[in-house]
Amino acid sequence: TGLIDYSHLRSLPYLWEITEQYFGNVEALIDPHSRPAVSLTYRQVYQHIRQFAAGMQTLLSPSSRLPQNPPIVALFADNSWQWLVADQGIMLAGAADAVRSATADQDELLYILEHSQSSGLVVENAKTLDRLGDRIWTLPVEWVVLLSNEQPDLPGRPSHVQLLTFDQLLERGNQQPLQSVNTTPDTLATLIYTSGTTGQPKGVMLSHANLIYQLVALTAVIQPLVGDRTLSILPTWHSFGRVGEYYTLSQGCTQ
């Protein structure tokens, strides 16, 4: 079929090294909602992911980057090209993410932040961070990264909590080499919380092997061609929408 086989991957974010090799100059992501609109090739996406990961490694405690017990980073944001860079950058840095929509209820987001024991928070914008309120500063959050480039005034933020914009984190990652991490297929990749309709949300633990399996299995269902254009409508943090994006991008589509 000409499709790439990913069954050998040990961790999900290494698929971007392969896509850069095969599809480097192919358009990967088109985000017409950005101002200005954004178009990124596979080579540019991989570069951003590496920069984000290297920057994130300056925020994560080195002693916490253990394959069997990766640090958790909360990622509260909705569909954008920055979301994919953050999601894959977090994993490439040696951490796992706890994902949820930026528009979820304040109490739910604070519950997930606390329950997941996240050491840091990546959040869509200043509005979302403001909506979380001062309760966030009572949790053991060591740093916050905005996926926007706003510089919010946060009078309640403790002095020890670092606050960085998306570009600041990329620049920090540009200043230091990416450290390799001993991620295995069984390492936790992400926590996806249930809707919580029957009680408090429960964090579903998905390993890298869980996600890589979908890249292999979906070849039996869809055989896309390089450059095929795909439209993402489901929330990117939703398990089905997320796996669909990973798969079509792994085969060189333009999303």
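The values are calculated or read from the model by the stated rules, or taken from the named source; none is laboratory data. Note that the structure is predicted; figures quoted are calculated from it, not measured. No Cβ is skipped: glycine too gets one built from the backbone with ideal geometry, and neighbour counts run over all protein chains shown. Calculation scope for accessible area: heavy atoms of the full protein, side chains included, ligands and nucleic acids excluded. Shrake-Rupley method; radii C 1.70, N 1.55, O 1.52, S 1.80 Å.
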Could you check how many residues of region 99-138 are under 28 Å from E171 (Cβ atoms) and in contact with a strand residue (DSSP E or B) (Cβ under 9 Å, 6 or more places away or on another chain)? 20
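State yes or no: is P185 assigned to a loop (DSSP other than H, G, I, E, B), under 30 Å from G2 (Cα atoms) and either open to solvent by 20 Å² or more (accessible area, probe 1.4 Å) or touching a His at 6+ places or on another chain (Cβ under 9 Å) (or both)?
Working: assigned to a loop (DSSP other than H, G, I, E, B): yes; under 30 Å from G2 (Cα atoms): yes; either open to solvent by 20 Å² or more (accessible area, probe 1.4 Å) or touching a His at 6+ places or on another chain (Cβ under 9 Å) (or both): yes.
It is true that P185 is assigned to a loop (DSSP other than H, G, I, E, B), under 30 Å from G2 (Cα atoms) and either open to solvent by 20 Å² or more (accessible area, probe 1.4 Å) or touching a His at 6+ places or on another chain (Cβ under 9 Å) (or both).
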Hey, could you check region 127-155 for residues that are open to solvent by 20 Å² or more (accessible area, probe 1.4 Å) and aliphatic (A, V, I, L, M) and say which is farthest from T198 (Cα to Cα)? L154
Given (1) farther than 28 Å from V221 by Cα; (2) in contact (Cβ under 8 Å) with a residue 12 or more places away in the chain; (3) in a loop (DSSP other than H, G, I, E, B); (4) open to solvent by 10 Å² or more (accessible area, probe 1.4 Å), where does R50 come up short, assuming only one miss? (3)
Of all residues being over 21 Å from the mean Cα position of the chain (by Cα) and touching a residue at least 60 places away in the same chain (Cβ under 8 Å) in region 196-223, which is most open to solvent (accessible area, probe 1.4 Å)? Just the residue, please. Q200
Do the conditions hold for G241, that is, is it part of a helix (DSSP H, G or I), open to solvent by less than 60 Å² (accessible area, probe 1.4 Å) and touching a Ser or Thr at 6+ places or on another chain (Cβ under 8 Å)? yes
Does region 38-47 contain at least one residue that is open to solvent by less than 10 Å² (accessible area, probe 1.4 Å) and under 11 Å from the mean Cα position of the chain (by Cα)? no
Counting only helices (runs of 4 or more DSSP H) wholly inside region 106-178, the ones holding at least 1 residues that are in contact with a Ser or Thr (Cβ under 7 Å, 6 or more places away or on another chain) and modelled with pLDDT of 95 or more are 166-174
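Could you tell me whether region 26-38 includes any residue that is part of a helix (DSSP H, G or I) and out of contact with any helix residue (DSSP H, G or I) (no Cβ under 7 Å at 6 or more places or on another chain)?
So far as region 26-38 goes, no, none of its residues is part of a helix (DSSP H, G or I) and out of contact with any helix residue (DSSP H, G or I) (no Cβ under 7 Å at 6 or more places or on another chain).
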